[in-house]
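What follows is a single structure, written as C-alpha coordinates, with notes after it.
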Amino acid sequence: NSFSVDAIENHFHELASAAGRKVIVGNMYIGGCSLEKHLRNAKENISAYTYSKRGLDGKNRRTKQVSLETALADEQWDYVSFQQQSGLSGIYRSWEESLPALVKYVKARVPEDAVMMLHQTWAYDQISQNKGFVRYDNDQMKMYNAIVTAVEEVIPQIKDIKIVIPSGTAIQNARTSILGDDLTRDGHHLSRPFGRYVASCTWLQAVLGKNPVGNTYCPEGMTPEQCRAAQKAARKAVRKPSKITEIK
(Lines give C-alpha, C1' and ligand atoms only; values in the text may rest on other atoms or scores of the structure.)
Protein backbone atom coordinates (compact mmCIF):
# COMPACT_ATOMS: atom_id res chain seq x y z
CA ASN A 1 0.00 0.00 0.00
CA SER A 2 1.13 3.61 0.35
CA PHE A 3 3.70 2.78 3.02
CA SER A 4 5.55 0.59 0.53
CA VAL A 5 5.36 3.45 -1.97
CA ASP A 6 7.06 5.65 0.63
CA ALA A 7 9.75 3.06 1.31
CA ILE A 8 10.88 1.84 -2.09
CA GLU A 9 9.53 3.87 -5.01
CA ASN A 10 11.56 7.03 -4.57
CA HIS A 11 15.16 6.66 -3.36
CA PHE A 12 15.93 2.96 -3.10
CA HIS A 13 16.90 2.59 -6.77
CA GLU A 14 19.34 5.52 -6.58
CA LEU A 15 20.86 4.32 -3.31
CA ALA A 16 21.34 0.83 -4.74
CA SER A 17 22.91 2.22 -7.91
CA ALA A 18 25.33 4.35 -5.88
CA ALA A 19 26.22 1.20 -3.93
CA GLY A 20 27.02 -0.63 -7.16
CA ARG A 21 23.87 -2.75 -7.34
CA LYS A 22 21.44 -2.95 -10.24
CA VAL A 23 17.88 -3.53 -9.10
CA ILE A 24 14.41 -4.06 -10.48
CA VAL A 25 11.72 -3.01 -8.02
CA GLY A 26 8.07 -3.96 -8.24
CA ASN A 27 5.31 -2.70 -5.96
CA MET A 28 1.71 -3.87 -5.86
CA TYR A 29 -0.44 -0.97 -4.67
CA ILE A 30 -3.91 -0.65 -3.23
CA GLY A 31 -4.39 2.26 -0.83
CA GLY A 32 -4.76 1.11 2.78
CA CYS A 33 -4.66 -2.56 1.80
CA SER A 34 -4.52 -5.11 4.61
CA LEU A 35 -3.01 -8.60 4.53
CA GLU A 36 -6.54 -9.96 4.75
CA LYS A 37 -7.49 -8.15 1.56
CA HIS A 38 -4.28 -9.23 -0.19
CA LEU A 39 -5.08 -12.85 0.64
CA ARG A 40 -8.63 -12.54 -0.63
CA ASN A 41 -7.36 -10.95 -3.86
CA ALA A 42 -4.82 -13.75 -4.24
CA LYS A 43 -7.34 -16.54 -3.72
CA GLU A 44 -9.84 -15.00 -6.13
CA ASN A 45 -7.15 -13.80 -8.58
CA ILE A 46 -8.57 -10.28 -8.56
CA SER A 47 -6.90 -7.72 -10.82
CA ALA A 48 -7.22 -4.84 -8.38
CA TYR A 49 -3.68 -3.48 -8.11
CA THR A 50 -1.64 -0.70 -9.62
CA TYR A 51 1.65 -2.41 -10.44
CA SER A 52 4.62 -0.03 -10.26
CA LYS A 53 7.81 -1.40 -11.74
CA ARG A 54 11.12 0.41 -11.83
CA GLY A 55 13.49 -1.30 -14.21
CA LEU A 56 17.25 -1.28 -14.65
CA ASP A 57 16.94 1.95 -16.63
CA GLY A 58 15.54 3.69 -13.54
CA LYS A 59 12.21 4.51 -15.18
CA ASN A 60 9.06 3.80 -13.20
CA ARG A 61 6.16 2.30 -15.14
CA ARG A 62 2.66 1.85 -13.73
CA THR A 63 0.06 -0.60 -14.94
CA LYS A 64 -3.46 -0.65 -13.55
CA GLN A 65 -5.74 -3.62 -12.91
CA VAL A 66 -3.03 -6.21 -12.32
CA SER A 67 -3.34 -9.37 -10.20
CA LEU A 68 -0.79 -10.62 -7.71
CA GLU A 69 -0.33 -13.76 -9.80
CA THR A 70 0.55 -11.69 -12.88
CA ALA A 71 3.09 -9.54 -11.04
CA LEU A 72 4.75 -12.52 -9.35
CA ALA A 73 5.21 -14.13 -12.76
CA ASP A 74 6.59 -10.95 -14.34
CA GLU A 75 10.17 -11.43 -13.10
CA GLN A 76 12.32 -14.07 -11.45
CA TRP A 77 12.06 -12.20 -8.17
CA ASP A 78 14.89 -12.58 -5.65
CA TYR A 79 12.92 -11.04 -2.78
CA VAL A 80 9.27 -10.57 -1.87
CA SER A 81 8.17 -8.32 0.99
CA PHE A 82 4.93 -8.55 2.96
CA GLN A 83 3.42 -5.57 4.77
CA GLN A 84 0.40 -5.07 6.96
CA GLN A 85 -1.89 -2.05 6.76
CA SER A 86 -0.25 0.59 8.96
CA GLY A 87 -3.08 0.92 11.47
CA LEU A 88 -3.12 -2.85 12.00
CA SER A 89 0.65 -3.33 12.12
CA GLY A 90 0.73 -3.41 15.90
CA ILE A 91 -2.13 -5.92 16.20
CA TYR A 92 -0.61 -9.41 16.22
CA ARG A 93 -3.80 -11.28 15.42
CA SER A 94 -4.19 -9.30 12.18
CA TRP A 95 -0.87 -10.76 10.98
CA GLU A 96 -1.56 -14.22 12.32
CA GLU A 97 -4.84 -14.62 10.49
CA SER A 98 -3.64 -13.97 6.93
CA LEU A 99 0.15 -13.88 6.59
CA PRO A 100 0.91 -17.65 6.68
CA ALA A 101 -1.50 -18.40 3.84
CA LEU A 102 -0.31 -15.41 1.82
CA VAL A 103 3.34 -16.47 2.19
CA LYS A 104 2.40 -19.97 1.03
CA TYR A 105 0.61 -18.52 -2.00
CA VAL A 106 3.63 -16.41 -2.97
CA LYS A 107 6.22 -19.14 -2.47
CA ALA A 108 4.36 -21.35 -4.93
CA ARG A 109 4.75 -18.66 -7.61
CA VAL A 110 8.34 -17.42 -7.28
CA PRO A 111 11.76 -19.08 -7.61
CA GLU A 112 12.51 -21.62 -4.90
CA ASP A 113 15.39 -19.55 -3.52
CA ALA A 114 13.44 -16.27 -3.39
CA VAL A 115 13.75 -14.65 0.04
CA MET A 116 10.56 -13.82 1.92
CA MET A 117 10.69 -10.58 3.93
CA LEU A 118 8.51 -8.60 6.31
CA HIS A 119 8.34 -4.81 6.32
CA GLN A 120 8.12 -3.36 9.82
CA THR A 121 6.31 -0.05 9.30
CA TRP A 122 6.50 3.12 11.42
CA ALA A 123 4.43 4.75 14.12
CA TYR A 124 2.39 7.81 13.23
CA ASP A 125 3.33 11.37 14.06
CA GLN A 126 2.39 12.46 17.58
CA ILE A 127 -0.36 14.75 16.28
CA SER A 128 -1.66 12.37 13.60
CA GLN A 129 -5.38 12.44 12.89
CA ASN A 130 -5.37 9.01 11.23
CA LYS A 131 -8.32 7.01 12.56
CA GLY A 132 -6.11 3.96 13.05
CA PHE A 133 -4.11 5.86 15.66
CA VAL A 134 -6.98 5.45 18.11
CA ARG A 135 -6.05 1.78 18.48
CA TYR A 136 -2.90 2.98 20.21
CA ASP A 137 -4.51 5.75 22.27
CA ASN A 138 -3.01 8.32 19.89
CA ASP A 139 0.38 7.58 21.45
CA GLN A 140 3.38 7.30 19.12
CA MET A 141 5.52 5.24 21.47
CA LYS A 142 2.65 2.90 22.26
CA MET A 143 2.14 2.34 18.53
CA TYR A 144 5.84 1.83 17.88
CA ASN A 145 6.21 -0.68 20.71
CA ALA A 146 3.08 -2.52 19.55
CA ILE A 147 4.47 -2.82 16.01
CA VAL A 148 7.82 -4.11 17.27
CA THR A 149 6.10 -6.64 19.54
CA ALA A 150 3.71 -7.86 16.84
CA VAL A 151 6.54 -8.39 14.37
CA GLU A 152 8.65 -10.19 16.98
CA GLU A 153 5.72 -12.49 17.74
CA VAL A 154 4.82 -13.31 14.14
CA ILE A 155 8.33 -14.06 12.84
CA PRO A 156 8.85 -17.32 14.81
CA GLN A 157 5.50 -18.56 13.54
CA ILE A 158 6.47 -18.29 9.86
CA LYS A 159 9.80 -20.00 9.17
CA ASP A 160 9.86 -18.80 5.57
CA ILE A 161 10.28 -15.14 6.59
CA LYS A 162 14.05 -14.62 6.55
CA ILE A 163 14.44 -10.82 6.70
CA VAL A 164 12.74 -8.08 8.69
CA ILE A 165 13.11 -4.58 7.24
CA PRO A 166 12.91 -2.31 10.32
CA SER A 167 11.75 0.93 8.73
CA GLY A 168 9.69 1.68 11.84
CA THR A 169 12.74 1.60 14.09
CA ALA A 170 14.77 3.59 11.57
CA ILE A 171 12.16 6.35 11.54
CA GLN A 172 12.04 6.31 15.33
CA ASN A 173 15.84 6.56 15.40
CA ALA A 174 15.76 9.45 12.94
CA ARG A 175 13.26 11.29 15.11
CA THR A 176 16.04 11.63 17.72
CA SER A 177 18.42 13.19 15.17
CA ILE A 178 18.85 16.58 13.51
CA LEU A 179 16.02 15.54 11.19
CA GLY A 180 13.59 16.19 14.02
CA ASP A 181 10.49 14.47 15.33
CA ASP A 182 8.19 15.22 12.40
CA LEU A 183 9.09 12.89 9.51
CA THR A 184 5.63 12.64 7.98
CA ARG A 185 3.81 14.87 5.52
CA ASP A 186 0.29 14.25 6.84
CA GLY A 187 0.73 12.54 10.19
CA HIS A 188 1.36 9.06 8.81
CA HIS A 189 2.84 9.04 5.28
CA LEU A 190 6.57 9.77 5.22
CA SER A 191 7.80 13.24 4.37
CA ARG A 192 9.49 14.07 1.08
CA PRO A 193 12.42 13.61 0.94
CA PHE A 194 13.45 13.12 4.59
CA GLY A 195 11.27 10.28 5.85
CA ARG A 196 11.26 8.44 2.56
CA TYR A 197 15.04 8.60 2.36
CA VAL A 198 15.37 7.06 5.84
CA ALA A 199 13.14 4.14 4.84
CA SER A 200 14.97 3.56 1.57
CA CYS A 201 18.32 3.53 3.39
CA THR A 202 16.86 0.86 5.67
CA TRP A 203 15.91 -1.30 2.72
CA LEU A 204 19.40 -0.89 1.27
CA GLN A 205 20.99 -2.23 4.44
CA ALA A 206 18.42 -4.89 5.34
CA VAL A 207 17.81 -6.34 1.88
CA LEU A 208 21.05 -5.84 -0.04
CA GLY A 209 23.41 -5.78 2.93
CA LYS A 210 24.92 -2.49 1.75
CA ASN A 211 25.90 -0.02 4.45
CA PRO A 212 24.04 3.23 3.71
CA VAL A 213 26.47 5.35 5.77
CA GLY A 214 28.65 7.20 3.29
CA ASN A 215 26.42 6.41 0.30
CA THR A 216 26.95 9.20 -2.23
CA TYR A 217 23.30 9.53 -3.19
CA CYS A 218 21.73 12.40 -1.28
CA PRO A 219 18.40 13.63 -2.68
CA GLU A 220 17.70 17.23 -3.59
CA GLY A 221 16.41 19.12 -0.58
CA MET A 222 18.64 17.39 1.98
CA THR A 223 22.02 18.53 3.23
CA PRO A 224 24.97 16.12 3.55
CA GLU A 225 24.54 16.28 7.34
CA GLN A 226 20.86 15.36 7.10
CA CYS A 227 21.60 12.49 4.73
CA ARG A 228 24.25 11.13 7.06
CA ALA A 229 21.83 11.27 10.00
CA ALA A 230 19.26 9.36 7.95
CA GLN A 231 21.85 6.82 6.88
CA LYS A 232 22.99 6.27 10.47
CA ALA A 233 19.38 5.89 11.65
CA ALA A 234 18.84 3.13 9.09
CA ARG A 235 22.15 1.39 9.84
CA LYS A 236 21.45 1.33 13.59
CA ALA A 237 17.90 0.05 13.02
CA VAL A 238 19.09 -2.99 11.10
CA ARG A 239 21.64 -3.70 13.82
CA LYS A 240 19.03 -3.27 16.56
CA PRO A 241 15.60 -3.65 14.91
CA SER A 242 13.61 -3.62 18.16
CA LYS A 243 15.37 -0.83 20.02
CA ILE A 244 15.51 2.92 19.49
CA THR A 245 19.02 4.32 19.11
CA GLU A 246 19.69 8.03 19.59
CA ILE A 247 21.37 9.47 16.52
CA LYS A 248 23.88 12.26 17.14
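The values are calculated or read from the model by the stated rules, or taken from the named source; none is laboratory data. Predicted model, so just to flag it, every value in this text is computed and none were measured. Please note: Cβ atoms are built from the backbone with ideal geometry, for glycine as well, and neighbour counts cover all protein chains shown. Remember, those area values only see protein heavy atoms, side chains included, never the ligands or the DNA or RNA. Shrake-Rupley method; radii C 1.70, N 1.55, O 1.52, S 1.80 Å.
For the chain, a simple Cβ point-charge model (Lys and Arg +1, Asp and Glu -1, everything else neutral) yields a dipole of about 340 debye relative to the Cα centre. Here the accessible area of region 109-230 is 48 percent carbon and sulfur, with a 1.4 angstrom probe and all protein chains present.
Students often check this: by mean Cβ neighbours within 10 Å, which of 2-13, 87-98 ranks highest, and how do the rest follow? Each step should come with its number before you reach the end.
On the way: 2-13: 22.3, 87-98: 19.3.
Those peptides, ordered most packed to least, come out 2-13, 87-98.
For the chain, the solvent-accessible area of protein heavy atoms averages 46 Å² per residue (probe radius 1.4 Å; ligands and nucleic acids excluded). Can you grab the distance from the C-alpha centre of region 88-131 to the C-alpha centre of region 204-233, Å, no decimals? Cα centroid of region 88-131 versus Cα centroid of region 204-233: 25 Å apart.
About its Cα centre, the dipole of region 1-62 is roughly 220 debye, where the only charges are +1 on Lys and Arg Cβ and -1 on Asp and Glu Cβ. By the Cβ distance rule (another cysteine Cβ under 4.7 Å), the unpaired cysteines of the chain are Cys33, Cys201. Farthest towards the positive end of the charge dipole of region 114-224, among the residues Ser191, Ala206, Leu179, is the Cα of Ala206, using unit charges on the Cβ of Lys, Arg, Asp and Glu. What are the ³J(HN,Hα) couplings of region 100-105, residue after residue, when phi is run through the Karplus curve with 6.51, -1.76, 1.60 and θ = phi - 60°? Round to Hz, x for glycine and proline. Couplings: x, 5, 5, 4, 4, 4 Hz.
At a 10 angstrom cut-off on C-beta neighbours, averaged per residue, how do the peptides 231-237, 100-106 rank from highest to lowest?
Values: 231-237: 26.9, 100-106: 17.1.
Put in order of decreasing packing, that is 231-237, 100-106.
Here the 3J(HN,Hα) profile of region 127-135, calculated from phi with Karplus coefficients 6.51, -1.76 and 1.60 at θ = phi - 60°, is 10, 4, 9, 4, 5, x, 5, 4, 4 Hz, Gly and Pro shown as x. Answer with one residue from Met28, Thr149, Ile8: the one whose Cα lies farthest towards the positive end of the charge dipole of the chain, charges on Cβ with Lys, Arg +1 and Asp, Glu -1. Towards the positive end, the residue furthest out is Ile8.
How big is Rg to Rh over region 104-248, alpha-carbon atoms, Rh as the Kirkwood inverse-mean-distance radius? Let's see the in-between values first.
On the way: Rg = 15.5 Å, Rh = 15.7 Å.
My calculation of the ratio gives 0.99.
Taking amide hydrogens as placed 1.01 Å from N in the peptide plane, the amide H of Thr245 sits under 5 Å from those of Asn173, each at least 5 positions away in sequence or on another chain.
Return the carbon/sulfur percentage of the accessible area of region 1-81, one whole number, probe 1.4 Å, all protein chains in place.
Working: 1810 of 4080 Å².
Reported share for carbon and sulfur atoms: 44 percent.
Scalar couplings 3J(HN,Hα) for region 189-202, obtained by applying the Karplus form with A = 6.51, B = -1.76, C = 1.60 to θ = phi - 60°, are 6, 5, 6, 9, x, 4, x, 5, 5, 4, 5, 5, 4, 5 Hz; x denotes Gly and Pro.
Quick one: grab the alpha carbon gyration tensor of region 116-179, order the square roots of its eigenvalues as a ≥ b ≥ c, and give me rounded if a/c is under 1.5, else prolate or oblate depending on whether a/b is larger than b/c. Taking the square roots of the gyration eigenvalues as a ≥ b ≥ c, region 116-179 is oblate.
Per residue, how big is the convex hull of region 31-152 when only Cα atoms are used? Give it in Å³.
125
Across q = 0.07 Å⁻¹, the chain modelled as identical point scatterers on its alpha-carbon atoms has Debye log10 I(q)/I(0) values of -0.21, in the order of the q list. Amide H neighbours of Leu118 under 5 Å, counting only residues 5+ apart in sequence or on other chains, H built in-plane at 1.01 Å? Result for Leu118 returns Phe82, Ile163, Val164, Ile165. Charge dipole (Cα centre; +1 on Lys/Arg Cβ, -1 on Asp/Glu Cβ; no other charges) of region 160-236 amounts to roughly 240 debye.
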